[in-house]
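The values are calculated or read from the model by the stated rules, or taken from the named source; none is laboratory data. These figures come from a predicted structure and were not determined experimentally. All Cβ positions, glycine included, derive from the backbone under ideal geometry; neighbour counts span all protein chains shown. The protein model used for the area step is the full one, side chains on, heavy atoms only, and it has no ligands, DNA or RNA in it. Shrake-Rupley method; radii C 1.70, N 1.55, O 1.52, S 1.80 Å.
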Amino acid sequence: NTGDQSAATNTGDQSAATNTGDWSVATNTGDQSAATNTGYRSAAVVSGQESVACALGFEGRAKGAKGCWLVLAEWKGEHRTDVKCFFVDGYTIKENTYYVLQNGKPQEVN
């Protein structure tokens, strides 16, 4: 999906939901799958086992179920300055909670 304020959704195992539009959401519920979003203020969400949510756009956020991975990007102005990956263990990184990358660390957001 490439439109603004849109959604890309997938429920199959080992599949991908990708969105490049601003204020959009990419969601995947299949196991070992990926949800990727590169749009401004967009979100990536995964709930299948061992899946990955990638939020690479400016002010992007990601959340996932326990056992999933979050890939978050940090921006300064118009430039991406950092990208890091975090495991949703349910303690350090809470499940079903949105995170952004700030100062190189994951931060909870609404």
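Observations
- Of all residues in the range 1-15 being more than 21 Å from F58 (Cα to Cα) and of a type outside the set (S, T, N, Q), the one that is most open to solvent (accessible area, probe 1.4 Å): D13
- At least 2 residues being more than 17 Å from L70 (Cβ to Cβ) is the threshold, and among the strands (runs of 3 or more DSSP E) wholly inside the range 1-55 those reaching it are 7-10.
- Taking the criterion of being farther than 17 Å from D13 by Cα and aliphatic (A, V, I, L, M), the residues of the range 29-82 that qualify are A43, A55, L56, A62, L70, V71, L72, A73.
- Flag if V71 is modelled with pLDDT of 95 or more, open to solvent by 20 Å² or more (accessible area, probe 1.4 Å) and within 17 Å of Q102 (Cβ to Cβ): yes
- Of the listed requirements (1) under 11 Å from the mean Cα position of the chain (by Cα); (2) more than 18 Å from Q32 (Cα to Cα), K76 misses just one: (1).
- The set of residues in the range 57-67 that are out of contact with any Cys (no Cβ under 8 Å at 6 or more places or on another chain), of a type in the set (A, V, I, L, M, F, W, C) and either surrounded by fewer than 17 Cβ atoms within 10 Å (Cβ to Cβ) or under 18 Å from S42 (Cβ atoms) (or both) contains only F58.
- Residues that are within 10 Å of the chain's Cα centre (by Cα) and either closer than 20 Å to Y40 by Cβ or of a type in the set (K, R) (or both) do occur in the range 99-106.
- Within the range 21-33, considering residues that are at pLDDT 90 or above and closer than 15 Å to G57 by Cβ, the one surrounded by the most Cβ atoms within 10 Å (Cβ to Cβ): A26
- Failed item, numbered, when K76 is tested on (1) over 19 Å from E108 (Cβ atoms); (2) open to solvent by less than 60 Å² (accessible area, probe 1.4 Å): (2)
- Considering V88, V83, the condition of being exposed (fewer than 15 other Cβ atoms within 10 Å of the Cβ) and among the aliphatic types (A, V, I, L, M) is satisfied by V83 alone.
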